[in-house]
Amino acid sequence: MNKTNQKLLITGGAGFIGSHVVRRFVVNYPNYHIFNLDSLTYAGNLENLKDVEKQSNYTFIKGDITDASFIDSIFKKYNFDGVIHLAAESHVDRSITNPLAFVKTNVIGTMNLLNAAKELWKNDFTGKRFYHVSTDEVYGSLGETGFFTEDTAYDPNSPYSASKASSDHFVRAYGETYGLPYVITNCSNNYGPNHFPEKLIPFFINNIINKKSLPVYGDGNYTRDWLFVLDHAIAIDLVFHKGKNHETYNIGGFNEWKNIDLVKLLCKLMDQKLNRKEGESEKLIAYVKDRPGHDLRYAIDSNKINKELGWKPSVTFEEGLEKTIDWFLENQDWLENVTSGDYQKYYSEMYQ
Ligand code: NAD
Ligand code: TYD
């Protein structure tokens, strides 16, 4: 997939991971034209892309992937050569309160993109690629040991992960049934700049800044495998260009943290950055009611992408976390903008 002058559709490019992927492609591939399609839900924020919005190889399209005729029309109009599909409803807690929204965007929206790509490319799939960005959560929950590999059976537990698993299956099915050239990646939890402050790390950074309570679900002994978002963007670039069609790659940092240990580390680093007394932010920790169906542990085996494509994380967790905290402290305007609007309403409903 090293075609020059290609027209590439990236969906969900105004969101957290999508904005880093869009920037990377706009800057690194001046011969490509990057079309960013996003409906700008509460999680989409064009401020994330201010630095690239005037580039001549970049076009923003506001639109909803659940609208099949609109999706068909833009595929016909722009004649895309490739798709990197990130648009999704992405927050597990929201999927528990409104699962149908996740089926609409994550399943039906993906179907609409698959249908439009199949229709446009059906006479000649050469040089075309449908890249579906997915999550390790489709594999369900691990016990205390073991890792998710590309061969682990799907076993999703939340409406979010069930909707992502379903969309992954449809992508594979379009590959098997119609020969659509696809790749799928399943990545672990991301963190970094522009992360919407409803997810653990940015939510807690924001609350520490504002001296608000840090609601740790259950006993806090849940484990996630954290990856810096720019390393995910690098992996997506690599898989898009060098990955094999009809293959899945797991992406993760071999970087497992129990939530409570991570939160304590965050508190310590934030106390240092904010010149607060050691231990001050830890006092904000409050154990709250557990998330229903809470997955105990995620851990990715990323040996395949390492061995076949030479990818490995470029920063350690300590470096990534420090960059992230610094970004949020330097961009408190961004944080204030996103925490006003809809997020504020959601916040009060969720945590009252
Ligand atoms: P995000 O919620 O920050 O961004 C999602 C983007 O999609 C937003 O810009 C939103 O406006 C857009 N969008 C939502 N519904 C849409 C619709 N119907 N039509 C068009 N645009 C729509 O999500 P994220 O954390 O950046 O995740 C991006 C992708 O990566 C998702 O597919 C997610 O499942 C996957 N993923 C995320 C993580 C993570 O840790 N955040 C890890 C692995 C995989
Ligand atoms: P989250 O960032 O929502 O990602 P995911 O559920 O997709 O892994 O949550 C990460 C972990 O942090 C998860 O185990 C749930 C937990 N968590 C809390 O304990 N408190 C919170 O307020 C949030 C948002 C998450």
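The values are calculated or read from the model by the stated rules, or taken from the named source; none is laboratory data. In this text, all values refer to a predicted model and were calculated from it rather than measured experimentally. Glycine gets a Cβ as well: all are built from the backbone with ideal geometry, and neighbour counts include every protein chain shown. Just so you know, the surface numbers come from the protein's heavy atoms only, side chains and all, with ligands and any DNA or RNA stripped out. Shrake-Rupley method; radii C 1.70, N 1.55, O 1.52, S 1.80 Å.
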Original post:
If you place +1 on the Cβ of every Lys and Arg and -1 on the Cβ of every Asp and Glu, how big does the dipole about the Cα centre of the range 279-330 come out, in debye to the nearest 20?
Top reply: 360
**OP:** For the chain, just the Cα set please: Rg and Dmax, both in angstrom.
**Re:** 19.7, 66
**OP:** Could you go through the range 253-268 in sequence order and give the Karplus-derived ³J(HN,Hα) for each residue, using 6.51 cos²θ - 1.76 cosθ + 1.60 with θ = phi - 60°, rounded to whole Hz, and x for Gly and Pro?
**Re:** x, 6, 9, 8, 9, 6, 3, 5, 5, 5, 5, 5, 5, 4, 4, 5
Original post:
Where only protein heavy atoms count, and the probe is 1.4 Å, what is the accessible area per residue for the chain in Å²?
Top reply: 42
**OP:** Pick out, from 71, 111, 230, the residue whose Cα sits farthest towards the positive end of the charge dipole of the chain, with +1 on the Cβ of Lys and Arg and -1 on the Cβ of Asp and Glu.
**Re:** 71
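Could you tally the net charge around residue 304, taking each other residue with its Cβ under 11 Å from the Cβ of residue 304, Lys/Arg +1 and Asp/Glu -1?
Values: positive: 244, 307; negative: 150, 151, 247, 301, 308.
Every neighbour counted, the sum reads -3.
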Original post:
With contacts defined as alpha carbon pairs under 8 Å and 6 or more residues apart, what's the relative contact order of the range 228-330 in percent?
Top reply: 44
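What's the carbon and sulfur percent of the range 41-104's accessible surface, probe 1.4 angstrom, rounded to a whole number? Please report the intermediate quantities before stating the final value.
Working: 1610 of 3100 Å².
Roughly 52 percent, rounded to a whole number.
Could you work out the Kirkwood radius for the range 7-134, taking every pair of different alpha carbons, averaging 1/r and inverting it, reported in Å?
Details: mean 1/r = 0.0676 Å⁻¹.
After inverting the pairwise mean of 1/r, the radius is 14.8 Å.
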**OP:** Rounded, prolate or oblate: pick one for the range 89-201, where a ≥ b ≥ c are the square roots of the eigenvalues of its C-alpha gyration tensor, a/c under 1.5 means rounded, and failing that, prolate if a/b is larger than b/c, else oblate.
**Re:** prolate
Original post:
Roughly how many percent of the accessible protein surface of the range 132-281 is carbon and sulfur, given a 1.4 Å probe and a whole-percent answer?
Top reply: 49
Original post:
Cα gyration tensor of the range 98-138, axes a ≥ b ≥ c as square roots of the eigenvalues: rounded (a/c below 1.5), prolate (a/b > b/c) or oblate?
Top reply: oblate
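Sum -39500 (n - 2.57) across every DSSP H segment of at least 4 residues in the chain, then divide by the residue count to get the 222 nm mean residue ellipticity, nearest 500. List each step's numbers first, then the result.
Numbers: 13 runs with 145 residues, N = 352.
Helix contribution divided over all residues of the chain: -12500 deg cm²/dmol.
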Original post:
When the convex hull of the C-alpha atoms of the range 184-254 is computed, what volume per residue in Å³ does it have?
Top reply: 107
**OP:** Return the long-range amide H neighbours of residue 58 (sequence gap of 5 or more, or a different chain), with a cut-off of under 5 Å between placed amide H atoms.
**Re:** 34
**OP:** In whole Hz, with x marking every Gly and Pro, tabulate ³J(HN,Hα) for the range 68-81 from phi via Karplus 6.51 cos²θ - 1.76 cosθ + 1.60, θ = phi - 60°.
**Re:** 4, 5, 5, 5, 4, 5, 6, 5, 5, 5, 9, 6, 4, 9
Subject >> Furthest towards positive pole of dipole, 298, 80, 210, structure part the chain, Cβ charges >> reply: 80
Original post:
Most mobile of 192, 18, 220 per a Gaussian network model of the chain (Cα springs, under 10 Å)?
Top reply: 220
Original post:
Tell me, what HN-Hα J-couplings in whole Hz come from the Karplus equation 6.51 cos²θ - 1.76 cosθ + 1.60 at θ = phi - 60° for each residue of the range 212-228, using x for Gly and Pro?
Top reply: 9, 5, 10, x, 8, 6, x, 8, x, 8, 9, 10, 10, 10, 9, 10, 5
Original post:
What shape does the range 242-320 have by the C-alpha gyration tensor, where a ≥ b ≥ c are the square roots of the eigenvalues, rounded means a/c under 1.5, and otherwise prolate means a/b greater than b/c and oblate the rest?
Top reply: oblate
